[in-house]
Structures are given as structure tokens and as C-alpha cells.
1. Lys/Arg Cβ at +1, Asp/Glu Cβ at -1, dipole of the stretch B:4-156 taken about the Cα centre: which of B:105, B:46, B:85 is farthest positive-ward?
2. Of A:46, A:472, A:65, whose Cα points farthest to the positive end of the dipole of the protein assembly as shown (charges on the beta-carbon: +1 Lys, Arg; -1 Asp, Glu; origin at the Cα centre)?
3. Let a ≥ b ≥ c be the square roots of the eigenvalues of the Cα gyration tensor of the protein assembly as shown; is it rounded (a/c under 1.5), or, if not, prolate (a/b larger than b/c) or oblate?
4. Can you work out ³J(HN,Hα) from phi for every residue in the stretch A:95-110, in order, using Karplus 6.51 cos²θ - 1.76 cosθ + 1.60 and θ = phi - 60°, giving whole Hz and x for Gly and Pro?
5. Return the whole-Å distance between the Cα centroid of the stretch A:313-359 and the Cα centroid of the stretch A:53-86.
6. Averaging sequence separations of C-alpha pairs under 8 Å and six or more residues apart, then dividing by the length of the stretch B:4-156, give the relative contact order as a whole percent.
7. What are the trypsin sites (Lys or Arg not before Pro) within the stretch A:283-323 that DSSP puts in a loop, where the Cβ has at most 12 other Cβ atoms within 10 Å?
8. Enumerate the lysines that residue B:138 could reach by cross-link, defined here as Cα to Cα under 25 Å, with residues fewer than 8 away along the same chain left out.
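Nothing in this text is a laboratory measurement; each read-out follows from the coordinates by a stated rule. Please read all numbers here as calculations on a predicted model, not as lab measurements. For neighbour counting, all protein chains shown are included, and Cβ atoms are generated from backbone atoms with ideal geometry for every residue, glycine included.
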Amino acid sequence: MDNECQDKNNIYEGIQKCFGSLQVVETVRQSKILLVGVGGVGSEVLKNLAFSGFVNIHLVDLDTISVSNLNRQFLFRSEDVGKWKAIVAKERIEKLCPWSQVSASVDNIRSRKFPLEFFKQFVAVICALDNHKARLYVNEVCAFAQIPMFETGSTGYQGQVIPILAGSTECYSCEPKPQQQNEQIPVCTIRHRPETVEHCIVWAMYLFDVLFGNLEDSNPLSDEKDYKISYLASDSVSNSETKKTDLDEDWENMTCKRIFHKFFIEDLQSIQELKKDTFLSLSTLKIPSKEQLNNCLLNVQQKYSIEELKKEEQNPHQSVWTSEKACEVFIFCLKQLLRKWKESQSILMFDENDTISLAFVTAASTLRAEAFGIVPKNSFDVRGAAGRIIPALSTTNAVIGGVVVFQLLRFLSGSPVKDLYNARLSQVPRPRPRHQDEAIISPEVIRSPVEECIICHRLILVSCDATKVTVMQFIEDGLKGQLKLDPFSVATDSGFIIYEAEQDDQAISTASSSKIDTQTIAQLQLEEQPLSVLDDSGVNYRAWIKHQCDVALTTELIFRE
Amino acid sequence: MANSLALTRLQEEHRQFRKDHPHGFFARPFDEDGKRNYFKWFCGIPGKKGTEWEGGTYHLILEFSDDYPTKPPVCKFDPPLFHPNIFPSGTVCLSLLDPSKDWKPSVTIKSILFAIQELLASPNLDDPAQAEPYKMMKESPEEYRKTVREMVRKSFIRH
């Protein structure tokens, strides 16, 4: 116990020395911090927060721990696989730092369970998310709540920390982000519920690595190592004394059968079983039959050739493979790869320019897509999609986790957000401003909000009792009366139209217009989520209806110069 | 769906179209049991004067994704039309609606509808999507026109 107090005091002493004031220590001790995402960067951030002396930390994460997380998300152990990240992280860090009081929510940060008041209790939000949508959302909520957000990101050797205070500094929405093709796909999406053909392609590439490649821990299928070809081969050798050296055709057929059965029949069946109750749409998986598999095994050798597949992959207009063809090509390629492996006796690397590897991935992704009712891609398009997969590096995460907490400390020591720096970590050193040297972490001056940014300039904050105020009152008294706007339409982010100005050309649907006359905001569940408002003059606003019991309707614009 | 870019663009498209739209055309968010959503639109294209399509207004459903306007909407005639570049499902095959060809984020809904109106009148025989009209158009354009005119008269013009 004494040691513990010693540790804690050392920490506060360190901060005091670093920032030269006792005030900072007090601030750190009392500040409540929200950490969204406890994955790669999030684990680092949480550890740094706790060891910097922060006491009140709230975690939000919706994901479970998978084997592939363990190499870099050091708070988790193999016995934690399958448990909630937020819960395990909380337990571990409280044990490590007994002074910390961590609370955890297993939920999507975009859930309406987190109203604006929830965000307002924090001094700052650290965003350690893996996707663009959730970041945009947190950016927006923080703007409505007017609290600073520290945005972090890490891809391969690159990373960034961006402190944001909407209305005062450039926010996450200021620059439209390029279409993110490289977004990391959550493991559960890859393994259990692919939504797009890209998810199926990524899965197929991982499958290639499981069977033939260098099985890295970051592979979401890494717990299937029993299906490594080298393992299957040694398994069969030890089982049948007679064929010690020769892996003949029987072995090929048996192995193909085993692999196909495991990944395209058994696994899909178990997903179906697993998700039967939760995902209705998944109850109709198209799972190949054993007969189909047996037929394929018999007649693939005559039907396909490498030359033919090569010709196909060069044709962008090639039609997508049917599941029968995909099944046959899969077996054909698997056999080819088994032979290649047998000859070289070493691991094979996926190469999108190798016809057999590409056809293997195309066939596997087609079968998977078909099973989940997703439209597959042809081998030409699969090559394009397969060319980019970015590793997650723990060193990058550690650097980013360190920089962001240091920036947070600077903010708490009194620097306004706009006087902090954006930090960029790059693989190649870049010149540092005001220095003659180069560094891999380079600070960038924080820019002002972009003129056109809606989040920075045109937010409408509405407070009212959502159970009493009707949607029409919000429009008429709030937007029109109090703000003098002339709204053309108001919609939720899912596209649902709440209100639309009278149409002259076509009779407006009476059903929807009468609904908003009488229904309250709460009845239509419109409170505590962002709304998109377009004024008749063509100006866009974002609005947020904050529910407060027994409060009269007030509508205000924030950050308007 | 959280990226508001698609949504704000669709709202603005709606406003623009309402303010100024070509005669005979309509485009508005689709109404499903009194609930309307910006990501699905119901549109009408009048057949061009002086062509075999004259006299009818053809109904079209536009479906937008989160990636709009980076990606174009899927445009589907409902009911499907007898035309070489319209798939039997009703989906329109047009290079303007192909992100790897002529689609640009700046293309408005109005220009999509204009382009489809134009496509009705002048099919593109290099890119067939429906076998029967394609064959007929190729082998005997007169018969194709007659067939279309007959269909238009039967199903779209009420006397």
C-alpha cells in the first residue's frame, strides 16, 4: 500500500515539475475524461491517463476482444478473448492504478443513450476510434457540447493527434475526408457479419494467410492455425505410417475437402446458429452443400487452366463467377497452391499479381459473398481491392497515445486548444517548423475553422421538454419564431424527413404533415441526435434537441460570429 | 448513416429541383406509408417530343447510398421499360451512372433525369442490357419503334 501511494505521489510530483504548478495537479486529479474506443490507440491512452494521475475516466467501446488484438492491446490477455474491451480494460487499469476510478459503457458512441448532458460532464474527450463515421459523430457532439476533443488516428507507420475545439479550431468536418478505402474493418465484421464485398475479400486474403502464409497475430482468423497447411501435412504424415514422404493426390483431395468443409460449410453453419436470434437477416445464409463440394472435387482438373484464369483477370467486364464456378475455381487453386507449397516447403505470400493467388481470393470471396447475400466482384476488381491492407503497429499506437495525453495535459495546464499543435507521425522524417532539423513527429500549427464548415459555424442548440413539445412547435416557434429561419426541410441522419416546406406542385402527404402537428419530439424519437436543417435560402444547419424536463422551448445558434 | 455529406447534398438537390424543374419532370423523396426518406426518390421522366416515347411519363426510383455523391444513385424504372439499355429489372445502364466512367459528384439529379430521357430516345447499342429490344432494334429499327409506340399508347395514354 505504501508503494502505491509512493507511485501516485511520484506521478503528481512529476506533473508539478513538468508544468511548474500545483494547480495542474489539482486539475488532473479532478478532471473527468471520456475515452471513446479502447483498441490499439485507446489502450495506450488509458494507461497514460491513469499513470499521469487522472482519476475519473469513462470508457465507451462496443467491441469484444479477439485473438488478433492481443499483440498490441496489452491490457488484454488470451483468457479475455470474447469479453468486452471496455469492461476488461476498466478492471485491468483499476488493478494497475488503484487510485483510478474507471467507468465503462459497452455501447456505440452514436447511441441515443448518450445525450448531450452525458458529454458535458467531461473536461475533454479523447477519440481513439477506428472509423470515419464515429469520428464525425463525436466531433459533432463535442461541438454541440462545446468541449474539446482530441482526435487520434493510426495506420501503419503513420499517425496523428488533432486537438479540436469546434468554432475555434479546424474541426474533423472542416476538410472533407477522402473516401476511406483503407478503413480498418472490425474483426467481428470480417468473421461473422460481412456487409460489403470488401469485407469478404479481406476475409479471403486472411484465409490465404492462415493456410499458406505467415500467420500473424493480427490476422483475425489466427485462432484457426490448426488449418495451416504445414500443420495439416504433418498431421496426415503422423497419422498414416505408410505415406511418410509422399503427399499424393489422395492427400490433396482430402485436404481440399477438409478446408472447404471447415470454412464454407461448418463455419457458416455455426455463424447461422450463433446469430439466429440476433440478426434476422442472417437466418438465411446460403451455405454450399456437401454434394456440391464432392462434385467439384471430381471434375475441376479438366475444366480450368492458369492461362484461362489469367485472361479473365485482365478483363474488367468479365462477369462475376457463379457459386458453382467459384467453388470449382477454389478447389482448383487450392490444389495448385498445395503443390506449390509441397515443392517449395516454405510459406507462400499472397500476391495479387499471381494468377492462382488472385483466383483463390476471388473464388473464396465470391463464395462468402454469395453465402451472405452480397454481390461478389470479378477477379479484375478483386485485384484492385486486394492491393491495400495496412498493418496495425503497436509502436505507432504508443507514440500517438503518448502525444495525445501530453497535449491533454498542456490543455489542462492552461493552454487554449488553438495554441496546441497537431502532431503528425510519419515514416519519413519531415522538416520541423522553426527548427533546422527533421523529425518523424512533426508539429503543425492548428488552423482556424474552414469558412463553409457547418459544424464550426452553424449549429442550432434546442432545449425543451421533448415529451411535451411537438415537432411543429419546434419548427414554428423555435426555428421560424426564435431564429427567424425559413426552413425548407429537416431530416435525421438516416434520411428520415421530419419536416418539409409546403409543396406547390404536388399535394404533400397528409399523413406525415398531420403527424408532426400533434406528435411530440419524444414520440418521434428525434431528441438527442443530430438533425440536418436546410434553410429555404440554401444555408445548411445542424440541430440538436436537448431534452430537459419541464423546460420551455429555447433555440439558440452557437458559434455564430 | 452518419456522414451528413450525402444528406445535405440530397436536401439541397431537393430544394433546387423544387425551385426550378423542367416541364413534365418530377422528383421527390419516396413516400412509404407517410414516411419519407432522402435516400430514396420517386421520379418521373416525360417521353421526348417527336420520339416513340412521346406521350408517356415514365416512373423511376433512385436509390442513394452513404457514399453519394462520390458514388451515383441506382436508377430503376418501375415498371421496367422495353429498351436496349434498361436491364429486365428496370435498372438503367448508362455511362453517366457509372463511377468508373462518366459519373462525377457534381452531376445533379436534374441532369441524371435529362440524360435518361435522352437515352430513351437514342439507345446505345454498344452497351445492351436487355436482349429482346436490343435484337429488335438492331435487326429492324422500325419494328422496334412501332413496338415501343404501341406499348406507350397502351399503358401510358388514357383516352
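1. Result: B:46.
2. It is A:472.
3. Numbers: a/c = 2.12, a/b = 1.06, b/c = 1.99.
Oblate, since a/c reaches 1.5 and b/c is not below a/b.
4. For the stretch A:95-110, the Karplus curve yields 6, 5, 10, x, 7, 7, 10, 9, 10, 9, 10, 9, 6, 6, 5, 7 Hz.
5. Using only Cα atoms, the two centres lie 37 Å from each other.
6. Rounded, it is 20 percent for the stretch B:4-156.
7. Counting only loop positions with at most 12 other Cβ atoms within 10 Å, the trypsin sites (Lys or Arg not before Pro) in the stretch A:283-323 are A:286.
8. B:48, B:49, B:76, B:101, B:146, B:154
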